[in-house]
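Got a structure here, written out as structure tokens. Questions coming.
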Amino acid sequence: MNICCIGAGYVGGPTMAMIAYKCPDIQVTVVDLNQKRIDAWNSDHLPVYEPGLDEVVKAARGRNLHFSTEVNAAIKAADMIFIAVNTPTKTFGTGAGRAANVEFVEKCARQIAEASSGHKIVVEKSTLPVRTAEAVKRILENSNNGSTFDVLSNPEFLAEGTAVQDLLNPDRVLIGGESKAAIGKLVDVYAHWVPRERILTTNLWSSELSKLTANAFLAQRVSSINAISALCEATGADVDEVAKAIGTDSRIGPKFLKSSVGFGGSCFQKDILNLVYLCEHFGLREVAEYWEQVIRMNDYQKRRFCERMVRTMFNTVSNKQIAIWGFAFKKDTNDTRESAAIYVCRDLLNERAKLKIYDPQVSEEQVRRDLIEVFSYATGTITDQERALIADHVSVVSSAEEAARGSHAIAVMTEWDAFKKLNYESILQSMYRPAFVFDGRNLLNHKHLTSLGFEVHAIGKTT
Ligand code: NAD
Ligand code: UGA
């Protein structure tokens, strides 16, 4: 069998690398329009940072795993074509700010229709609005070169930072479709390493909707515990203790109850907005409003973090230096998309704070790009003053200690394990007093830091 995957991003790259690694009898080619990305996949510096990914890629690359920009050739040679392109929130026209932009998926479908010959199985790997498969099918059916197609939905559930483990040992693999034969072929691919009882098959629309629902439920748990964190701060309860107490109820379970500065990542917000848009489209206003509240709570959580910092630091952070520890949206990834750190930094810059930012995996170029983008978000442009603010008030440094040196406060934005093991005595010596720590992840040992002389403010805890 020959597989092609269009889209060499955070999903296409790792998932195809795992298929190639586990299925030496299958040739896998991952294609992308982005030459730089493909070059990186073919180099020693993969474009995606994921623990364990280098080993998987190295074992299969050149054997049965290939990265290329020759999209048409890969489509022609393939029996099965995965579409794993980005489906961001639409920024223009009808549904702007809510609906998923499926433009790239449609382009792929058209290209597949044009470049194919014979029979192909087309697999939606991207997260898509319910019934997108219908549009994909119609485009493919109109191909005028005699080729025939089956369309399957096979959403991806990996989380960044644990992608390799999630792919090696998935809770389930979900395959939606109409043709038993096509479903069987895709089941056979996963059955190389996934127990068959964990491969679920459904109809197309259930599969598409299950993906959006899974992300909505996960994000809802984070927003729920974050809502409680605000109440903890007001009442003296401790959010970690509350999470433990409720998480031991087997009906609730302990996972995804870690209160934080707010969830980020490329998907939770985009997928919930997409769900909200779908509900509105089908006239389900109450359902739309219910899910929208998950996003509103997340915005509140990010906003109130900066407000608390300013309030605590005597109502002004103007020209005070603040160390920002972590910029990625979670640990063990270099991905910053929708990271809470971006919004907190924007709000702090609006207060004229000076930021010294450190993240072990995020480049300075990426930090500056994200900040420029977030300032441009409301109006589509960035003013000269805002540009100057980013240039003058932001520096990106190469260690956590360097960020803290000469700072009034440390703000922990990402839960990198390395932050737990630093020499806090010497860090304290290098800071202004009072030396504030705002722990946006409840990561650090607060008792220890307080005993050293830091003033610690944590999510869902009173000082
Ligand atoms: P990404 O932006 O990292 O990668 C998408 C890639 O597709 C880009 O490299 C882009 O150049 C390429 N592309 C776009 N149009 C193309 C075309 N016509 N031809 C060839 N290449 C094209 O996105 P991602 O994070 O990998 O997400 C992809 C999809 O998977 C999204 O729908 C997302 O919702 C879903 N998803 C993502 C994750 C995640 O952890 N990132 C997890 C599960 C599902
Ligand atoms: C999430 C889902 O977990 C995946 O199943 C899904 O495939 C993926 O989205 C997707 O569709 O893109 P991901 O966003 O990579 O994965 O990472 P998560 O571990 O879900 O974390 C998302 C955000 O929530 C992060 O900012 C994280 O810090 C935050 N979070 C998570 C919390 O604040 N508290 C928690 O208890 C868990």
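How about K211: which aspartates and glutamates have a C-alpha closer than 15 Å to its C-alpha, ignoring those fewer than 8 places off in the same chain?
Result set, ordered by chain and number: E124, E156, D171, D271.
Another question, then. Which percent, to the nearest 5, of DSSP beta bridges fully inside segment 93-208 are antiparallel?
On the way: 1 of 11 bridges.
Of all bridge pairs located within segment 93-208, approximately 10 percent are antiparallel.
From the backbone phi of segment 21-34, what are the Karplus-calculated ³J(HN,Hα) couplings (6.51 cos²θ - 1.76 cosθ + 1.60, θ = phi - 60°) in whole Hz, Gly and Pro given as x?
These are the phi-based 3J(HN,Hα) values: 4, 8, 10, x, 7, 10, 8, 10, 10, 9, 10, 7, 7, 7 Hz.
If you don't mind, there's one more thing I want to ask. In what sequence do C4, C23 fall when counting other Cβ within 10 Å, fewest first? List each step's numbers first, then the result.
Numbers: C4 27, C23 20.
The fewest-first ordering by Cβ neighbours comes to C23, C4.
Using the Karplus equation 6.51 cos²θ - 1.76 cosθ + 1.60 (θ = phi - 60°), what ³J(HN,Hα) coupling, rounded to whole Hz, does each residue of segment 214-230 give in order, writing x for Gly and Pro?
4, 5, 5, 5, 5, 5, 4, 5, 5, 5, 5, 5, 5, 4, 5, 4, 5
Here's a follow-up. Towards the positive end of the charge dipole of segment 2-202, with charges on Cβ (+1 Lys, Arg; -1 Asp, Glu), say which of L140, L65, A163 has the farthest Cα.
Value: L140.
Order of S143, S43, S229 from fewest to most other C-beta atoms within 10 Å?
S43, S143, S229
Quick check: net charge around K22, other residues with Cβ under 15 Å of its Cβ, Lys/Arg +1 and Asp/Glu -1? Please list the in-between numbers first.
Values: positive: K58, R61, R63, R196, R198; negative: D25, E55, D166, D188.
With Lys, Arg at +1 and Asp, Glu at -1, the net is +1.
Something else: Please give me the summed charge of the neighbours of F92: other residues whose Cβ is under 13 Å from its Cβ, Lys and Arg +1, Asp and Glu -1. Before the final figure, lay out the partial values.
On the way: positive: K90, R98; negative: E103.
Every neighbour counted, the sum reads +1.
Jot down the per residue volume, in cubic angstrom and as a whole number, of the convex hull over the alpha-carbon atoms of segment 268-458. Provide the component values of the computation, followed by the final result.
Details: hull volume 23.6 nm³, N = 191.
Hull volume normalised by residue count: 123 Å³.
How are the C-alpha pair distances of segment 376-415 spread across 5 Å bins, as whole percents from the shortest bin up?
Here the calculated profile for segment 376-415 is 6, 16, 20, 19, 15, 16, 8, 1.
While we're here: Quick one: net charge around N64, please, counting Lys, Arg +1 and Asp, Glu -1 for every other residue with C-beta under 15 Å from its C-beta.
Net local charge, N64 excluded: +2.
For segment 155-233, restrict the atom set to alpha-carbon positions and state the Rg and Dmax in Å.
Cα radius of gyration and Dmax of segment 155-233 are 16.1, 56 Å respectively.
Along each of its three principal axes, how wide is the spread of alpha-carbon positions in segment 1-122, in whole angstrom units, largest first?
Its Cα atoms span 45, 37, 22 Å along the three principal axes.
Let me ask something else. Using Cα pairs closer than 8 Å and at least 6 residues apart in sequence, work out the relative contact order for the chain, in percent.
12 percent
Would you kindly compute the Cα radius of gyration of segment 393-443 and its largest Cα-Cα separation (Dmax), both in Å?
Cα only, segment 393-443: 10.6, 28 Å (Rg, Dmax).
Which aspartates and glutamates, if any, have their Cα less than 13 Å from the Cα of K185, not counting same-chain residues under 8 positions apart?
Straight-line reach from K185, under 13 Å: D79, D150.
What base-10 log of the normalised intensity I(q)/I(0) is obtained for the chain from the Debye formula, alpha carbons as equal point scatterers, at q = 0.14 Å⁻¹?
The computed values of log10 I(q)/I(0) come out as -1.37.
Using the Cα atoms of segment 208-336 to build a convex hull, what is its mean projected area in square nanometres?
Result: a mean projected hull area of 10.5 nm².
Compare the peptides 161-167, 233-239, 411-417 by average per-residue count of other Cβ atoms within 10 angstrom and give them in order, highest first.
Ranking the peptides 161-167, 233-239, 411-417 by packing returns 411-417, 161-167, 233-239.
Evaluate the Debye formula for segment 243-289 with equal point scatterers sitting on the alpha carbons, no solvent, and hand back log10 of I(q)/I(0) at q = 0.13 Å⁻¹, in q order, two decimals.
-0.50
List Y432, Y277 from most exposed to least, where exposure is judged by having the fewest other Cβ atoms within 10 Å.
Y432, Y277
For the pairs K22/K125; K302/K461; K270/K320, flag any whose C-alpha to C-alpha distance is greater than 26 Å.
Checking Cα-Cα distances, K270/K320 exceed 26 Å.
Computed from the coordinates by the stated procedures, all read-outs in this text should not be read as laboratory data. Computed from a predicted structure; not experimentally measured. Counting neighbours? That spans all protein chains shown, and the Cβs are built from the backbone with ideal geometry, glycine included.
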